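Student: Let me begin by handing over the structure; questions about it come next.
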Amino acid sequence: MLLITVDGLRADAVSALPGASDEIRGLTPHLDALIADADWAGRAIAPSTATVPSIASLLTGLRPWQHQALLPDQAGLSEELLTLGEALQGLGYTTSAYVSGYWYPRGYGYQQGFDQYRALNRGSRAAGHLASLGAEADFLWIHLEALQPPYRLRGRVRRQLQVFPGTSGDELTAAELETYRNPLVPLPPEEQRRFLAFYRADVAILDVRIGRLLKGLRESGQWDRSTVVVVAAHGEEFGEQGQVGHSNNLGPATLEVPLIVKLPRGSGRTIQLPPGEPVAAARVWATLVELAGGSAAPAVPPSLFAKAPPGVVSELYLADGANHFSLVEGRYQLLREVRFGHEDDYYRARRRLAGARLPRPLDEPAEEVLARLWRVFERTPPFTGIAPGVRSKVREQLVEWTSTGVVPVDDAERRRVMAAELERRWRAFAPPEEPPASAVLRRPMAGPDAPP
């Protein structure tokens with residue numbers, strides 16, 4: 001079994017998936033070839049648009065509030081939770097992980113359940129590991145952090161610049177992007193084209209890296225016997241919802257991610273999902289556990305082989321002093337924003353921390369601006385926002401995802417029904433709604449039942 005997760009890969013950046021624009025045709029030949037060989041490939045809904053909670057959900061099958069790994073600055077996955085590595089270990093698999101860059105440190109808890117846990121670096125060691133696989137039961141998780149600024153132009157992509165009109169320069173830095181994270185700073189169309197061009201250039205490089213990994217697995221002679229899953233933790237926005245980057249909101253640019261599943265030949269399994277219904281990326285957990293002979297607990301979303309209730313819930317915490325919740329059903333999305341705090345200098349502080357020079361200096365350290373929001377976040381129940389001394393504002397909006405963008409919908413009854421379902425789903429199998437500082441994890445909500 002091979003699970004490849006990626007930071008920041010939008011669904012519409014993979015040229016063989018529906019909805020990709022003509023201008024990126026052929027951009028991802030290795031992913032396109034995998035899609036041609038896959039049992040199912042399409043767009044999925046990420047658990048969150050921030051990396052830490054989304055990766056934690058893929059590794060546990062649980063929603064962010066269930067597993068409580070909400071933010072990069074807090075403790076990682078609790079040892080009380082059963083990770084995918086631990087579940088597959090219990091089912092007889094040798095488990096290995098290769099994790100790139102920022103997310104490798106053990107403080108995130110991602111190492112739980114892996115016999116071997118290594119930094120990915122350039123990926124040659126992981127490709128060599130894949131090439132050496134035999135007939136034993138092995139599970140490899142590889143996480144690629146390739147699509148993070150600075151974005152650079154190089155190699156084959158540089159020679160094919162005609163595919164990316166409007167591109168100038170060799171590098172796009174985080175400081176440049178951070179300016180437009182602020183929704184009050186409009187992103188000029190020419191800058192949007194430039195940002196997308198650099199991003200797509202890095203997608204092409206990512207595709208080459210994934211191709212090397214898949215080549216390694218093919219060289220092992222185990223390709224037909226293998227399960228291969230590729231899924232992104234979140235997408236990346238370039239002005240579609242008025243911001244740039246990720247972990248800002250729960251719009252489709254950052255919420256819709258590619259999901260590609262290739263099953264072993266002769267597995268006897270089929271993936272038949274209702275057309276037009278969103279698919280939760282977190283269903284990967286139960287899918288792999290079932291293929292290994294186990295079964296998932298009720299708190300974990302069902303596998304891709306099973307019937308699932310309609311709609312997908314996603315969560316994002318502490319974004320600019322607000323918690324965000326989403327329910328996507330078909331083409332409709334119910335958005336709930338619980339604003340518990342506001343800092344005038346929030347986006348300027350983020351720019352400073354990204355390395356930008358500010359025309360007007362901050363009156364205090366940038367870290368203190370963010371720390372004030374953190375302190376309010378910690379003592380505020382996330383869904384209701386009701387806490388002593390906290391003036392929270394709750395806003396709900398019903399929108400429709402169309403081919404031309406996100407459109408507000410004036411349908412009071414649909415909004416009421418979806419809002420009630422969002423709350424019901426958010427509270428199901430979860431710890432009580434306490435402030436994040438005092439929320440308690442409970443073991444029974446995790447874990448598959450091993451076969452007899």
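Student: With 10 angstrom as the radius, rank His129, His342, His143, His246 by how many other C-beta atoms surround their C-beta, starting from the fewest.
Tutor: Numbers: His129 20, His342 13, His143 24, His246 28.
Taking fewest neighbouring Cβ atoms as first place, the list is His342, His129, His143, His246.
Student: Relative contact order of the range 318-445, please, whole-number percent, based on alpha carbon pairs below 8 angstrom and at least 6 residues apart.
Tutor: Over the range 318-445, the number comes to 28 percent.
Student: What stretch of the chain, leaving out the sites themselves, is the longest with no GluC sites (Glu not before Pro) in a DSSP loop having at most 11 other Cβ atoms within 10 Å? Can you show the working numbers first?
Tutor: Numbers: sites that count: Glu79, Glu136.
Between exposed loop sites, the widest span is 137-452.
Student: Another question, if that's okay. Which lysines does Lys307 reach when only Cα atoms under 25 Å apart count, and residues fewer than 8 places away in its own chain are ignored?
Tutor: Answer for Lys307, where 25 Å is the Cα cut-off: Lys262, listed by chain and number.
Student: Assuming 0.36 nm per residue, please report the length gained on full extension of the stretch Arg265 to Ala387 beyond their Cα-Cα distance.
Tutor: Values: separation 122, 0.36 × 122 = 43.92 nm, distance 5.44 nm.
Between Arg265 and Ala387, full extension yields 38.5 nm more.
Student: For Trp40, Trp285, what ranking results if the residue with the fewest other Cβ atoms within 10 Å of its Cβ goes first?
Tutor: So the ranking, lowest neighbour count to highest, is Trp40, Trp285.
Student: Continuing with this model, one more query. Gap in Å between the Cα centre of the range 3-17 and the Cα centre of the range 189-254?
Tutor: Cα centroid to Cα centroid, the span is 4 Å.
Student: If I take R0 = 35 Å and measure r between the Cβ atoms of Ala437 and Arg357 in this structure, what FRET efficiency does the formula 1/(1 + (r/R0)^6) give, to the nearest 0.05?
Tutor: Working: r = 35 Å, r/R0 = 1.00.
It comes out at approximately 0.50.
Student: OK, next. Report the net charge of residues surrounding Arg212, where surrounding means a beta-carbon distance below 12 angstrom and charges are Lys +1, Arg +1, Asp -1, Glu -1.
Tutor: Once positives and negatives cancel, what remains is +3.
Student: Before anything else, pin down the relative contact order of the chain: Cα pairs under 8 Å, at least 6 apart, normalised by residue count, whole percent.
Tutor: 21 percent
Student: Next question. Please arrange Arg193, Arg63 by counting, for each residue, the other beta carbons lying within 10 Å of its beta carbon, fewest first. Could the numbers behind the result be given before it?
Tutor: Working: Arg193 14, Arg63 26.
So the ranking, lowest neighbour count to highest, is Arg193, Arg63.
Student: Say each of Ala371 and Arg427 gets a label point 7 Å from the Cα, pointing the same way as Cα to Cβ; how far apart are those two points in nm?
Tutor: Distance between the two pseudo-spin positions: 3.6 nm.
Student: Under the classification rounded if a/c is under 1.5, otherwise prolate if a/b is larger than b/c and oblate if not, where does the range 84-151 fall, given a ≥ b ≥ c as square roots of the Cα gyration tensor eigenvalues? Let's see the in-between values first.
Tutor: On the way: a/c = 2.80, a/b = 1.43, b/c = 1.95.
Judged from the Cα gyration tensor, the range 84-151 comes out oblate (a/c at least 1.5, b/c at or above a/b).
Student: Let me ask another. If I take every Cα pair under 8 Å that is 6 or more residues apart in the range 294-351, average their sequence separation and divide by the length, what percent do I get for the relative contact order?
Tutor: Over the range 294-351, the number comes to 23 percent.
Student: Another question, then. Glu315: net charge of surrounding residues, Cβ under 13 Å, Lys/Arg +1, Asp/Glu -1, itself excluded?
Tutor: Summing Lys and Arg as +1 and Asp and Glu as -1 gives +1.
Student: Moving to a separate point now. With r as the distance between the Cβ atoms of Asp170 and Ser295 and R0 = 51 Å, compute the FRET efficiency 1/(1 + (r/R0)^6) and round to 0.05. Before the final figure, lay out each step's value.
Tutor: Values: r = 51 Å, r/R0 = 1.00.
Once the sixth-power term is evaluated, E becomes 0.50.
Student: Could you tell me which trypsin sites (Lys or Arg not before Pro) in the range 17-114 are loop residues by DSSP with no more than 15 other beta carbons within 10 angstrom of their beta carbon?
Tutor: Those that pass, being in a loop and sparsely packed, are Arg25.
Student: In whole Å, how far is the Cα centre of the range 65-129 from that of the range 312-357?
Tutor: 26 Å
Student: Same structure again: Taking just the alpha-carbon atoms of the chain, what radius of gyration and Dmax come out, in angstrom?
Tutor: Taking only Cα atoms of the chain, I get Rg and Dmax of 21.2, 66 Å.
Student: What's the local net charge at Val279, with K and R +1, D and E -1, over the other residues with C-beta under 13 Å away?
Tutor: 0
Coordinate-derived values only; no laboratory data. These numbers were taken from a predicted model, which means no experiment stands behind them. Please note: Cβ atoms are built from the backbone with ideal geometry, for glycine as well, and neighbour counts cover all protein chains shown.
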